[in-house]
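Colleague: Supplied in structure tokens, the structure appears directly below.
Any read-out appearing in this document is the output of simple, stated calculations on the displayed coordinates, not a laboratory observation. As the structure is a prediction and not an experimental result, all values here were calculated from the model. Neighbour counts are summed over all protein chains in view; Cβ atoms, including those assigned to glycine, are modelled from backbone coordinates with ideal geometry.
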Amino acid sequence: MHTYGKKISQTIACLAVGVLSAGFAQADVSQSQLSAADKDGSNFLHTNANYANTRYYPAKQIDTNNVSKLRPAFTFQTEVLESMQTAPIVVDGTMYITTSYNHVYAIDPVTGKQKWHYKHKMGPVTTYCCGPNNRGVAIMGDRVFMGTLDAKLVALDIKTGKLVWDTQIADPELGYSETMAPVAVNGRVLIGTNGGEYGIRGFVKSFDAKDGKLQWTFHTIPEKGHEGVWAVKDSTGRNMLRDIPAEKAQLAKQGGDFYKTLGGGVWMAPAVDLETNSVFFVVGNPSPDLYGAERPGDNLYTDSIVSVDLNTGKYKWHHQYIAHDVWDLDAVSPVILTEAKGKDGKMTKVAIHAGKTGHVYVHDRATGELIRFSEAMVPQDGLWTLPTKEGAKMMLGANGGVEWSPMAIHPEARLAFAANLLQPMTYHVEASKYPGGKLWLGGAFKTIPSEKQSGRLSAVNIDTGKVAWKFDTDEPLIGGVLATAGGLVFNGEANGLFRAFDAKNGKKLWEYQTGAGVNAPAVSYTIGGKQYIAVAAGGNNQIDAKRGNSVVVFTLP
Amino acid sequence: MQVHPGLFSCPSLENCMNTYLSFACCVLATFVSFSAPHAWAQMPAKAAMCIGCHGENGNASMPNTPSLAGQNARYIYMQLRDFQEGRRHNDMMSPMTAGLSKADMQELASYFSEQKLTNKRFKADPDKVKKGIAKADETLCAMCHLGEFKGQNEIPKVAGQNFDYVVKTLKDFKAKDRNNDAGNMTSVASTLSEEDIDNLAHYIASLN
């Protein structure tokens with residue numbers, strides 16, 4: 001009975017969405033619409049498709065049989081020729097695109113005609129590493145929400161793009177900035193912060209969607225107890241070669257006041273479980289990235305997955321992947337909520353994360369317990385060789401494994417799809433004090449000219465942790481993945497190629513040369529009986545992929 | 001004489017004296033010509049101290065001195081702050097920043113960042129440029145300096161910078177004579193050979 005009732009309510013939700021979309025009238029976006037996004041085969045309501053971040057789109061007009069006929073419908077060019085990491089949102093006949101330097105465009109998703117353009121008036125001080133990126137907006141009610149490089153949260157009128165309110169999230173003089181897409185839920189806007197390369201104290205904050213007033217803050221670096229349990233091994237059981245007696249002596253000598261500059265940014269969209277009112281996110285690297293001598297301890301909750309209460313921001317649980325990281329191996333690819341086999345073999349609710357380590361980690365969603373980690377998706381060599389002044393090789397590269405790129409899952413195939421980089425690097429350390437709002441790496445990482453850099457799209461069975469298939473690419477992969485009910489997986493490459501694969505076996509079924517680096521996650525939507533696939537082609541700073549300024553939209557003839 | 005790197009630089013005592021003299025002459029010339037209608041009309045008064053060495057509108061003619069035109073305001077401000085607070089030292093720049101307020105420094109930074117870099121006399125060796133590009137890729141320069149070294153925020157734009165100054169700066173980082181970089185550039189430069197630095201400087205100076 002319960003299942004039957006659920007199906008009826010799902011059908012009603014889908015019909016309601018369909019009616020709204022068919023009219024192209026820009027209506028307020030309701031919470032029920034946002035909550036049912038995982039079943040919405042018309043719109044694309046969240047940057048990662050739904051609150052669970054599955055990036056699984058439930059329409060299947062475009063499938064393995066016809067994807068080879070996919071053709072461009074239009075290309076929308078922005079005025080900003082700089083890296084693009086945006087995941088467009090599509091709702092009720094409007095697509096919302098962001099660019100570097102915080103422009104927002106609202107366009108017609110069928111014709112590409114521009115409706116409005118918002119250009120953020122940037123404050124005098126911005127501080128951010130790795131490019132002036134933005135990864136998209138959140139929508140709710142009659143508002144569009146965006147984080148900005150000068151560390152503000154802005155709310156725009158969904159119909160006109162006019163500024164409704166803005167609020168300062170943190171001080172950009174101290175290294176805080178925003179590139180992530182916020183998450184809008186139950187009248188709140190959730191957002192973290194960049195700044196792990198600047199000695200910030202990371203956080204996730206909740207703001208009132210109505211007026212931008214702060215509701216709660218969860219600091220990713222606790223004032224007390226950040227030394228943790230003095231973990232010897234990482235999540236996979238390998239010794240991290242820490243000199244723990246020396247760290248304990250250093251902590252006794254200097255005290256724990258360095259929590260104020262210990263980093264721990266949260267720079268990708270959290271997942272939200274509305275059944276348990278829980279928020280799930282991963283926390284980035286400690287500051288400084290490579291010099292660990294003066295930040296003794298595990299540096300909690302850096303490099304961890306964390307769950308907090310949606311209504312209060314109160315801590316629920318955490319699991320740290322790498323304690324006292326000195327390789328810049330952030331946990332960053334957004335958490336996905338789904339179901340997978342537990343340790344007892346029964347299906348259980350899980351939270352999964354793909355690490356820069358090249359593993360996909362599967363956790364019990366209620367407790368954070370690590371159920372399993374996948375086979376390594378990329379070669380690992382010399383874990384955990386410590387950085388030296390002269391430079392020591394350690395394979396993983398500092399970008400991963402999996403960087404910020406969101407994974408996608410295909411529930412029927414039981415697979416998670418992850419975009420990986422293979423970048424052999426040497427790690428160099430240099431003692432350095434907190435520099436006050438300047439880049440603070442405490443060393444450098446460099447590629448090795450004699451060793452090839454490349455990429456790998458990997459499919460991992462979330463019930464077993466086995467790698468089901470892989471597709472190797474010439475260029476390292478940053479950007480993310482989309483899966484669809486048509487049995488397809490979409491992913492792009494820095495050389496401009498945007499591809500579709502058979503989700504079951506990784507066979508390449510289609511590709512298109514966009515002309516600039518495809519380093520953003522694709523999205524999909526259906527309007528007027530036609531399914532579309534959209535992706536930004538704007539390149540990337542981290543791997544210096546060719547810059548562009550376009551969102552390319554595809555459909556079947 | 002111990003000479004430290006800086007926005008001003010003088011490799012020897014004699015050169016330093018010459019620099020001081022030319023600086024004084026330039027400052028004088030600046031004030032003399034102030035009565036004439038000129039783009040300087042919008043120039044902050046304190047910038048008159050700078051253009052003697054850093055050139056009109058921040059386009060430095062002395063090879064070992066950085067051009068400031070088009071440089072990121074945040075970078076200029078933070079370097080001035082570092083000179084003032086002792087994190088970076090230069091015999092000319094350090095005392096010159098002593099009396100500047102935060103607003104002065106931000107005004108100077110803003111002014112020079114808005115000027116156009118026109119000082120493009122360097123003829124790069126194409127072969128060295130090619131090698132410089134490869135070294136820049138290997139060292140992941142674009143991760144911080146962005147593509148083609150256009151810079152961001154407190155990370156300097158070095159595209160089109162004076163060749164000699166780029167060489168000098170990289171050597172100073174390598175020797176740790178300049179170390180206000182939080183361990184980033186000192187670490188990057190530590191493994192660069194003389195040839196690498198020469199190639200990188202050819203590439204960087206050739207950019208717009």
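Colleague: Largest first and in whole Å, what are the equivalent-ellipsoid semi-axes of the range A:92-155 based on the Cα gyration tensor, each being the root of 5 times an eigenvalue?
Modeller: Largest first, the range A:92-155 gives 23, 13, 10 Å.
Colleague: List A:ARG135, B:ARG121 from most exposed to least, where exposure is judged by having the fewest other Cβ atoms within 10 Å.
Modeller: Going from sparsest to densest Cβ surroundings: B:ARG121, A:ARG135.
Colleague: What size of dipole, in debye to the nearest 20, comes out for the range A:473-547 about its Cα centre when the only charges are +1 on Lys and Arg C-beta atoms and -1 on Asp and Glu C-beta atoms?
Modeller: 240
Colleague: Given only helices, namely DSSP H runs of n ≥ 4 each adding -39500 (n - 2.57), what is the per-residue ellipticity at 222 nm of chain A, to the nearest 500 deg cm²/dmol?
Modeller: Result for chain A, helices only: -2000 deg cm²/dmol.
Colleague: Which of A:GLY358, B:CYS53, A:LEU251 sits farthest toward the positive end of the charge dipole of the protein assembly as shown, with +1 on the Cβ of Lys and Arg and -1 on the Cβ of Asp and Glu?
Modeller: Of the listed residues, the answer is A:GLY358.
Colleague: When a/c is below 1.5 the answer is rounded, else prolate if a/b is larger than b/c, else oblate, so apply that to the range A:25-85 with a ≥ b ≥ c taken from the square roots of the Cα gyration tensor eigenvalues.
Modeller: oblate
Colleague: Let me ask another. Return the distance in nm (one decimal) between the two label points of a simple spin-label model at A:ASP171 and B:ASN208, each offset 7 Å from Cα along Cα→Cβ.
Modeller: Once both label points are built, they end up 4.0 nm from each other.
Colleague: Taking 2.2 N^0.38 Å as the expected size of a compact globular protein, what ratio does the Cα radius of gyration of the range A:158-210 give against it, to two decimals?
Modeller: Taking the Cα Rg and dividing by 2.2 N^0.38 Å, one obtains 1.26.
Colleague: In which sequence would B:LYS174, A:LYS546 go, from the one with the fewest C-beta neighbours within 10 Å to the one with the most?
Modeller: With the fewest neighbours first, B:LYS174, A:LYS546 line up as A:LYS546, B:LYS174.
Colleague: Sequence neighbours fewer than 8 away in the same chain don't count; with that in mind, list the aspartates and glutamates whose C-alpha is under 15 Å from A:LYS341.
Modeller: A:ASP364, A:GLU369, A:GLU412, A:ASP463
Colleague: Tell me, what is the FRET efficiency for B:ALA175 and A:ALA431 to the nearest 0.05, using R0 = 22 angstrom and their Cβ-Cβ distance as r?
Modeller: 0.85
Colleague: While we're on this one: Filter A:LYS162/A:LYS316; A:LYS507/A:LYS530; A:LYS446/A:LYS546 down to the pairs with a C-alpha to C-alpha distance above 28 Å, please.
Modeller: A:LYS162/A:LYS316
Colleague: For the range A:466-551, what Kirkwood radius comes out of the mean inverse Cα-Cα distance, in Å?
Modeller: For the range A:466-551, the Kirkwood estimate is 13.2 Å.
Colleague: May I pose another question? Given the Cα-Cα distance of A:THR312 and A:LYS60 and 0.36 nm per residue of separation, how much length would full extension add, in nm?
Modeller: Between A:THR312 and A:LYS60, full extension yields an extra 86.8 nm.
Colleague: Sticking with this one: Please report the net charge: other residues with Cβ closer than 12 Å to the Cβ of B:ASN59, K and R +1, D and E -1.
Modeller: Net of charged neighbours comes to +2.
Colleague: I would also like to ask the following. Report the gain in length on full extension from A:ALA366 to A:LYS470: 0.36 nm times residue separation, minus Cα-Cα distance, nm rounded to one decimal.
Modeller: That pair, A:ALA366 and A:LYS470, stretches by 34.3 nm at full extension.
Colleague: Which value, in debye to the nearest 20, gives the size of the charge dipole of the protein assembly as shown about its Cα centre, when Lys and Arg are +1 and Asp and Glu are -1 at the Cβ?
Modeller: Its charge dipole is roughly 1260 debye.
Colleague: Over all residues in B:173-186, what is the mean tally of Cβ atoms on other chains that come within 10 Å of each residue's Cβ?
Modeller: Mean partner-chain Cβ count within 10 Å for B:173-186: 5.
Colleague: What's the FRET efficiency of A:GLU451 with B:ASP127 using the Cβ-Cβ distance as r and R₀ = 25 Å, to the nearest 0.05?
Modeller: Here the calculated transfer efficiency is 0.55.
Colleague: Give, rounded to the nearest 20 debye, the magnitude of the charge dipole that the range A:33-161 has about its Cα centre when Lys and Arg contribute +1 at Cβ and Asp and Glu contribute -1 at Cβ.
Modeller: It works out to roughly 120 debye.
Colleague: Hand me the tally of lysine pairs in the range A:39-156: alpha carbons under 30 angstrom apart, and the pair either on different chains or 8 or more positions apart.
Modeller: So the count of such lysine pairs works out to 14.
Colleague: Sorting check: for A:498-510, A:436-448, which peptide has the highest mean count of neighbouring beta carbons within 10 Å, and how do the rest follow?
Modeller: A:436-448, A:498-510
Colleague: Let me ask another. Measure off 7 Å from each Cα along the Cα-to-Cβ vector at A:ASP157 and A:LYS119, then give the distance between these two points in nanometres to one decimal.
Modeller: The answer from the label model is 2.0 nm.
Colleague: Obtain the nm distance between the two label points defined at A:ASP381 and A:ASP28 by a simple spin-label model: each point lies 7 Å from its Cα along the Cα-to-C-beta direction.
Modeller: Each label point lies 7 Å from its Cα, and together they span 5.9 nm.
Colleague: On alpha-carbon atoms, Rg over Rh for the range B:74-206 using Kirkwood Rh?
Modeller: Dividing the radius of gyration by the Kirkwood radius yields 0.97.
Colleague: Still on this structure, please answer the following. What are the radius of gyration and Dmax of chain A, computed over its Cα atoms and given in Å?
Modeller: Values for chain A (Cα only, Rg and Dmax): 21.8, 69 Å.
Colleague: A follow-up question, please. Going by average Cβ neighbours within 10 Å, how do the peptides A:487-495, B:56-64 rank, with the highest at the top?
Modeller: Packing order, densest peptide first, comes out as A:487-495, B:56-64.
Colleague: Still on this structure, please answer the following. What's the FRET efficiency of B:ASP137 with A:VAL232 using the Cβ-Cβ distance as r and R₀ = 51 Å, to the nearest 0.05?
Modeller: 0.85
Colleague: Let me ask something else. Compute the signed sum of charges (Lys and Arg +1, Asp and Glu -1) over the other residues within less than 12 Å, Cβ to Cβ, of B:ASP82.
Modeller: Counting the neighbours of B:ASP82, the net charge comes to +2.
Colleague: If one takes the longest principal axis of the Cα atoms in chain A, at what angle in degrees, from 0 to 90 and to the nearest 10, does the Cα axis of helix A:2-23 lie?
Modeller: 70
Colleague: How would B:ASP82, A:ASP208 line up from fewest to most surrounding beta-carbon atoms within 10 angstrom?
Modeller: Going from least to most buried by this count: A:ASP208, B:ASP82.
Colleague: If you don't mind, there's one more thing I want to ask. May I ask you to compute the full-extension gain from A:LYS507 to A:LYS389, defined as 0.36 nm times their residue separation minus their alpha-carbon distance, rounded to one decimal in nm?
Modeller: 38.1 nm
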